[in-house]
Amino acid sequence: MNEKRDVRGQLGRYLQWPLFLGVLVILMNVVVGAVDTGAGLAMCGFTAVYLVISVFLYLYRRRKLMAGLVEFSADYAWVQKNLLEELDIPYVVTDETGRFLWMNRKFTELSRENKVKGSSLTAMFPDVTKEMLLKLTESVSLHAGLGGRNYRIDMKPLKMGAYDEELELLEEGQDAQELLAVYLFDETDILQYQQEIYDQRMVAGLIYLDNYDEALESVEEVRRSLLMALIERRINKYINGLGGVVKKMEKDKYFFVIKQHYVAELREQRFSILDDVKSVNIGNEMAVTLSIGLGMGGETYGQNYEFARMAIDMALGRGGDQAVIKSAEKTEYFGGKTQQKEKTTRVKARVKAHALRELISTKEELLIMGHRLGDIDSVGAAIGIYRIATALDKKAHIVINDITSSVRPVIERFSESAGYPADMFLTSQEAENVVDGGTMLVVVDVNRPSITEAPQLLKMVKTIVVLDHHRQGSEIIDNAVLSYVEPYASSACEMVAEVLQYIADGIKMKPQEADALYAGIVIDTNYFNNQTGVRTFEAAAFLRRNGADVTRVRKLFRDEMVNYKARAQAVSQAEVFEGSFAISECPSEGIENPTIVAAQAANELLSIRGIKGSVVLSQYNGVIYLSARSIDEVNVQVMMEKLGGGGHRSIAGAQLKGVTMEDAKEQLKAVIREMIAAGEVQ
């Protein structure tokens, strides 16, 4: 650059020499005039002619001289120009708006082949906009298609003066024009090879029969082998049709391998094998359902298998009869239309109870927490775990921050006058102060860390136990040493009541404790109408034997008049959407906890003939809460998961932040339309 400036300065001074000489001539004229006036006057004429000629040469002939220099420079660089012209890569120079200024032979052929209309880069590639080009300050690359081919577009901004020395020689103070150098690289073949490599990658899969034992018991013994043979045949035919290999590991478990190319087909068909297997009927009273877990996108085959194992655990944890695709980036769910049947055996409950007892015996203190804005089921289950801890001579605390109107009557019965310690209930901040190496945390009625009462405790405590009846989603408490998640259970209180029967002999419950557990079952089953099985009534009978009183529990549920009116208003103003979905809004003014009232209104809307699902929205502390309910035709858990929530097949909810009530309704309606279009509504 310094060398170019020296050359430019020398040339500029060379062009100005007649002017400098003109100054000398004027001085000579003055000297001659001082010696002889006549001679000085005569010489003035010659001096004037000389100055006119000098100015003419400098102002008018200068540009022609520069043009000659530029032409000489271009002729001098003919090799470089020829190489650029014949470059096998399409190359073009544009102005700052993308208008073509010069292009090489390859770019010309490309534009002619594709019949490009217009003379700009933006016309050739619509993805490239003028706004993008004007803001371009450094080299960038982007990808676009043209004529069925894929190109990488490399764009580099440059100043014309930086590459054309002649222009700098021409105008030293003039601003250089902004230009863009654009290269096109055809990456069609590379992308095709990458896609082929991607499609050939291995996907590991696991298939578990959800209700193997129960289905066999529902058919005659002589037909059992035929039933399993038909199911196995359909599984083998389905996987073989995908070009895969399937291997039976156990009587109800299969391992299979397919190419990643077929995953898109599985998504499109939404795993038709789920419905195909359920259609097998040779007299069995119970349809066979299966769960599928796929692992893909791992760095090794072993990691894919680990993803498949995690996926099948999620499918089983969500109730079975569904497929889960797990990769390093995301988790996808398919199916889950069938109501999960409860298992009549309590073997699992007994095993989990013994494991829980072993863990509690090694710790000095227990912290028990449920979900944020705890309800009767959450608080009742926590009280049940509190009774287990005290029966094993361990100190325990229940973590709860906001005591809502729905649980206040229950909590008020656990006062010091009733024989309970003052620190039985702690806030999350108080609970953090008691955490040490000998603390154990029990999480009830929730398995999503973000909506627990105190998410920070999950990071502070090493020994964590989870007891929940909600279906698992992609967000789970993954550092739990013991996880007991049973989606078929009616409530967390039912699960805790079963554990109470096996964890120790002769545990005595106080009436208020039995009432709290019984109340949790009653509320979550809507008075034994939803998600109720044999074990639900057995748990209720156990609690009745331990002092639970139906009359006392009923009094706990009595509403304030303002809540009753709000619930009635929500029901009366409900909108019937798509002919079978009841959508309404619960007023929140003057109501301590509108989310509870909204849930009650959603339950009542199910009593209307023709309604397959109900959703009531309420606003609390700037957040829109959705309470969704159904009987058996709609999986509201899937519906709420699409909005960031979760729950049960028939009872679910979600929370939306930063949106208005109308926006929340529109999002809900969009999800319902999507589910109807996908055939997820029976």
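Can you find a residue that is farther than 19 Å from S474 by Cβ and either part of a strand (DSSP E or B) or in contact with a strand residue (DSSP E or B) (Cβ under 6 Å, 6 or more places away or on another chain) (or both) anywhere in the stretch 635-647? No, the stretch 635-647 contains no residue that is farther than 19 Å from S474 by Cβ and either part of a strand (DSSP E or B) or in contact with a strand residue (DSSP E or B) (Cβ under 6 Å, 6 or more places away or on another chain) (or both). Closer than 18 Å to S378 by Cβ, surrounded by 14 or more Cβ atoms within 10 Å (Cβ to Cβ), of a type in the set (A, V, I, L, M) and at pLDDT below 95: is that true of V407 in this structure? So V407 passes the test.
Could we say that S607 is surrounded by fewer than 20 Cβ atoms within 10 Å (Cβ to Cβ), hydroxyl-bearing (S, T, Y), touching a residue at least 60 places away in the same chain (Cβ under 8 Å) and more than 20 Å from G374 (Cα to Cα) here?
On the way: surrounded by fewer than 20 Cβ atoms within 10 Å (Cβ to Cβ): yes; hydroxyl-bearing (S, T, Y): yes; touching a residue at least 60 places away in the same chain (Cβ under 8 Å): no; more than 20 Å from G374 (Cα to Cα): yes.
Taking the combined requirement at face value, the residue does not satisfy it.
The single residue among V485, V446 that is in contact with a Lys or Arg (Cβ under 9 Å, 6 or more places away or on another chain), closer than 22 Å to I376 by Cα and at pLDDT below 90 turns out to be V485.
For the stretch 547-599, a tally of residues being farther than 23 Å from D402 by Cβ and in a loop (DSSP other than H, G, I, E, B) returns 8. Just one of the listed residues (F255, F307) is assigned by TED's automatic domain parsing to the domain that holds L227, under 30 Å from E220 (Cα atoms), at pLDDT 90 or above and under 29 Å from the mean Cα position of the chain (by Cα), and it is F255. Of all the listed residues (V263, V288, V246), the sole one being buried (at least 19 other Cβ atoms within 10 Å of the Cβ), on the phi < 0 side of the Ramachandran plot, assigned to a loop (DSSP other than H, G, I, E, B) and assigned by TED's automatic domain parsing to the domain that holds A328 is V288.
Among residues of the stretch 397-411 that are over 18 Å from G384 (Cβ atoms), those with a beta-carbon under 6 Å from a residue that is among the hydroxyl-bearing types (S, T, Y) at least six positions away or on a different chain give the pairs N401/T427; N401/S428.
Being touching a residue at least 12 places away in the same chain (Cβ under 8 Å) and assigned to a strand (DSSP E or B): is that true of L294 here?
On the way: touching a residue at least 12 places away in the same chain (Cβ under 8 Å): yes; assigned to a strand (DSSP E or B): yes.
Yes, satisfied.
Report the residue count in the stretch 208-223 for those that are outside any helix (DSSP H, G or I), surrounded by fewer than 20 Cβ atoms within 10 Å (Cβ to Cβ) and not hydroxyl-bearing (S, T, Y). Don't jump to the end; show me each part of the working.
Taking the stretch 208-223 and keeping what is outside any helix (DSSP H, G or I), we get 208-211, 218-220.
Pick out the ones that are also surrounded by fewer than 20 Cβ atoms within 10 Å (Cβ to Cβ) and you get 218-220.
This time we only want the ones that are not hydroxyl-bearing (S, T, Y), so: 219-220.
Looking only at that region, the number is 2.
A residue that is out of contact with any helix residue (DSSP H, G or I) (no Cβ under 6 Å at 6 or more places or on another chain), farther than 24 Å from N401 by Cα and modelled with pLDDT of 90 or more can be found somewhere in the stretch 461-482. Does at least one position in the stretch 250-273 carry a residue that is of a type outside the set (K, R), more than 25 Å from R201 (Cα to Cα) and in contact with a helix residue (DSSP H, G or I) (Cβ under 7 Å, 6 or more places away or on another chain)? Checked the stretch 250-273: at least one residue is of a type outside the set (K, R), more than 25 Å from R201 (Cα to Cα) and in contact with a helix residue (DSSP H, G or I) (Cβ under 7 Å, 6 or more places away or on another chain).
So, of the residues in the stretch 503-537 that are in a helix (DSSP H, G or I) and out of contact with any helix residue (DSSP H, G or I) (no Cβ under 8 Å at 6 or more places or on another chain), which turns out to be nearest to E486 (Cα to Cα)? The qualifying residue nearest to E486 (Cα to Cα) is V534. The residue that is farthest from the chain's Cα centre (by Cα), among those in the stretch 443-492 that are crowded, with 19+ Cβ neighbours inside 10 Å and of a type in the set (D, E), is E486.
The values are calculated or read from the model by the stated rules, or taken from the named source; none is laboratory data. A quick note: this is a predicted structure, and the numbers were derived from the prediction, not measured. As a convention, Cβ positions derive from the backbone with ideal geometry for all residues, glycine included, and neighbour counts pool all protein chains shown.
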